[in-house]
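Only one structure is covered here, and it is reproduced in the block below.
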Amino acid sequence: KKELFNTVLSLIRAAPTTMDRWHFTAFRDRHDHAELSLSFQGHSYPARHLRYALETDDRRDKIGINLFYEKGFETFRELDEDEQNYFGLVGFLTLDKILGEYDVEMHVGAVHFLSWREGEAMFGN
(Lines give C-alpha, C1' and ligand atoms only; values in the text may rest on other atoms or scores of the structure.)
Protein backbone atom coordinates (compact mmCIF):
# COMPACT_ATOMS: atom_id res chain seq x y z
CA LYS A 1 0.00 0.00 0.00
CA LYS A 2 1.25 3.41 -0.98
CA GLU A 3 0.46 4.75 2.52
CA LEU A 4 3.29 2.60 3.87
CA PHE A 5 5.97 3.76 1.40
CA ASN A 6 7.48 6.25 3.84
CA THR A 7 7.69 3.51 6.48
CA VAL A 8 9.42 1.20 3.99
CA LEU A 9 11.89 3.94 3.06
CA SER A 10 12.61 4.60 6.76
CA LEU A 11 13.30 0.91 7.33
CA ILE A 12 15.66 0.77 4.37
CA ARG A 13 17.55 3.85 5.56
CA ALA A 14 17.94 2.19 8.98
CA ALA A 15 19.03 -1.20 7.54
CA PRO A 16 22.60 -2.29 8.29
CA THR A 17 25.04 -1.68 5.46
CA THR A 18 27.84 -3.95 6.62
CA MET A 19 26.16 -7.36 6.41
CA ASP A 20 27.92 -9.65 3.96
CA ARG A 21 25.68 -11.25 1.33
CA TRP A 22 22.67 -9.13 2.32
CA HIS A 23 21.18 -6.40 0.18
CA PHE A 24 18.06 -4.56 1.30
CA THR A 25 15.76 -3.17 -1.37
CA ALA A 26 12.73 -1.01 -0.69
CA PHE A 27 10.79 -1.77 -3.87
CA ARG A 28 10.99 -4.05 -6.90
CA ASP A 29 13.60 -2.59 -9.25
CA ARG A 30 12.92 -2.04 -12.93
CA HIS A 31 14.64 -4.40 -15.35
CA ASP A 32 15.58 -4.30 -19.01
CA HIS A 33 12.31 -5.39 -20.58
CA ALA A 34 13.78 -6.54 -23.91
CA GLU A 35 14.50 -9.98 -22.45
CA LEU A 36 12.05 -9.85 -19.56
CA SER A 37 10.07 -12.96 -18.78
CA LEU A 38 7.99 -13.28 -15.65
CA SER A 39 7.60 -16.75 -14.16
CA PHE A 40 4.62 -17.16 -11.92
CA GLN A 41 2.94 -20.31 -10.56
CA GLY A 42 4.77 -22.56 -13.01
CA HIS A 43 3.99 -20.47 -16.10
CA SER A 44 6.27 -18.13 -18.03
CA TYR A 45 5.10 -14.81 -19.45
CA PRO A 46 7.63 -13.24 -21.84
CA ALA A 47 7.26 -9.48 -22.23
CA ARG A 48 7.00 -9.96 -25.99
CA HIS A 49 3.55 -11.53 -25.41
CA LEU A 50 2.26 -8.37 -23.76
CA ARG A 51 1.28 -5.12 -25.45
CA TYR A 52 0.21 -1.85 -23.93
CA ALA A 53 -1.42 1.43 -24.84
CA LEU A 54 -1.24 4.55 -22.70
CA GLU A 55 -4.16 6.84 -21.99
CA THR A 56 -4.91 9.86 -19.87
CA ASP A 57 -6.08 9.18 -16.36
CA ASP A 58 -8.73 11.08 -14.40
CA ARG A 59 -5.94 12.19 -12.08
CA ARG A 60 -3.74 14.64 -13.97
CA ASP A 61 -0.55 13.43 -12.28
CA LYS A 62 -1.06 9.80 -13.40
CA ILE A 63 -1.03 7.87 -16.66
CA GLY A 64 -3.50 5.11 -17.50
CA ILE A 65 -2.27 1.85 -19.01
CA ASN A 66 -4.15 -0.73 -21.07
CA LEU A 67 -2.43 -4.14 -21.06
CA PHE A 68 -3.40 -6.81 -23.52
CA TYR A 69 -2.22 -10.40 -23.59
CA GLU A 70 -1.37 -12.78 -26.38
CA LYS A 71 -3.57 -15.45 -24.86
CA GLY A 72 -6.29 -17.69 -26.21
CA PHE A 73 -9.40 -15.83 -25.08
CA GLU A 74 -11.68 -13.46 -26.96
CA THR A 75 -12.40 -10.94 -24.20
CA PHE A 76 -10.90 -10.48 -20.78
CA ARG A 77 -14.40 -10.32 -19.29
CA GLU A 78 -15.17 -13.87 -20.46
CA LEU A 79 -12.59 -15.23 -18.02
CA ASP A 80 -13.86 -16.33 -14.64
CA GLU A 81 -12.98 -14.24 -11.60
CA ASP A 82 -9.98 -16.39 -10.61
CA GLU A 83 -8.50 -16.13 -14.14
CA GLN A 84 -9.08 -12.37 -14.22
CA ASN A 85 -7.37 -12.00 -10.84
CA TYR A 86 -4.50 -14.21 -11.98
CA PHE A 87 -3.83 -12.23 -15.16
CA GLY A 88 -4.30 -8.98 -13.25
CA LEU A 89 -1.62 -10.06 -10.79
CA VAL A 90 0.69 -11.12 -13.64
CA GLY A 91 0.07 -7.74 -15.30
CA PHE A 92 0.92 -5.74 -12.18
CA LEU A 93 4.03 -7.82 -11.47
CA THR A 94 5.13 -7.26 -15.07
CA LEU A 95 4.60 -3.50 -14.75
CA ASP A 96 6.64 -3.56 -11.53
CA LYS A 97 9.47 -5.33 -13.38
CA ILE A 98 9.39 -2.99 -16.39
CA LEU A 99 8.75 0.36 -14.67
CA GLY A 100 9.76 -0.38 -11.08
CA GLU A 101 7.33 -0.86 -8.20
CA TYR A 102 7.75 2.67 -6.84
CA ASP A 103 7.02 4.33 -10.20
CA VAL A 104 4.00 2.10 -10.83
CA GLU A 105 2.50 3.09 -7.48
CA MET A 106 3.37 6.77 -7.76
CA HIS A 107 2.78 7.50 -11.46
CA VAL A 108 0.37 4.91 -12.88
CA GLY A 109 -3.36 5.41 -12.46
CA ALA A 110 -5.97 3.09 -13.92
CA VAL A 111 -4.77 -0.19 -15.41
CA HIS A 112 -7.15 -2.04 -17.74
CA PHE A 113 -6.61 -5.64 -18.84
CA LEU A 114 -7.71 -6.71 -22.31
CA SER A 115 -7.40 -9.69 -24.60
CA TRP A 116 -5.15 -9.44 -27.65
CA ARG A 117 -8.21 -9.08 -29.89
CA GLU A 118 -9.70 -6.31 -27.73
CA GLY A 119 -6.37 -4.46 -27.75
CA GLU A 120 -6.02 -4.68 -31.52
CA ALA A 121 -9.62 -3.52 -32.00
CA MET A 122 -9.10 -0.51 -29.74
CA PHE A 123 -5.54 0.48 -30.55
CA GLY A 124 -4.47 -1.28 -33.76
CA ASN A 125 -1.14 -3.10 -34.06
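The values are calculated or read from the model by the stated rules, or taken from the named source; none is laboratory data. All values reported here derive from a predicted model rather than from experimental measurement. Backbone-built Cβ (ideal geometry, glycine too); neighbour counts: all protein chains shown. Side chains are part of the model used for accessible areas, which takes the heavy atoms of the whole protein and leaves out ligands, DNA and RNA. Shrake-Rupley method; radii C 1.70, N 1.55, O 1.52, S 1.80 Å.
A few comments on the model shown:
- Annotation: amide H of Phe113 within the under-5 Å range of Leu67, sequence separation 5 or more or interchain, hydrogens built in the peptide plane.
- In the chain the longest region clear of trypsin sites (Lys or Arg not before Pro) that are loop-assigned by DSSP and have at most 16 other C-beta atoms within 10 Å covers 72-125.
- Remark: the chain carries 72 Å² of accessible area per residue (probe radius 1.4 Å; ligands, DNA and RNA excluded).
- With only Cα atoms counted, region 11-125 has Rg and Dmax values of 16.4, 54 Å.
- Nonpolar atom fraction for the chain, defined as the carbon and sulfur part of the 1.4 Å probe accessible area, stands at 50 percent.
- The chymotrypsin sites (Phe, Trp or Tyr not before Pro) of region 38-125 that meet both conditions, a loop assignment by DSSP and at most 16 other Cβ atoms within 10 Å of the site Cβ, are Phe73.
- A DSSP coil position with no more than 11 other Cβ atoms inside 10 Å describes the following GluC sites (Glu not before Pro) in region 59-125: Glu74.
- Degrees, to the nearest 10: 81-99 long Cα axis against longest axis of the chain: 60 degrees
- Glu120-Asp82 pseudo-label distance in nm [points 7 Å out on the Cα-to-Cβ vector]: 3.0 nm
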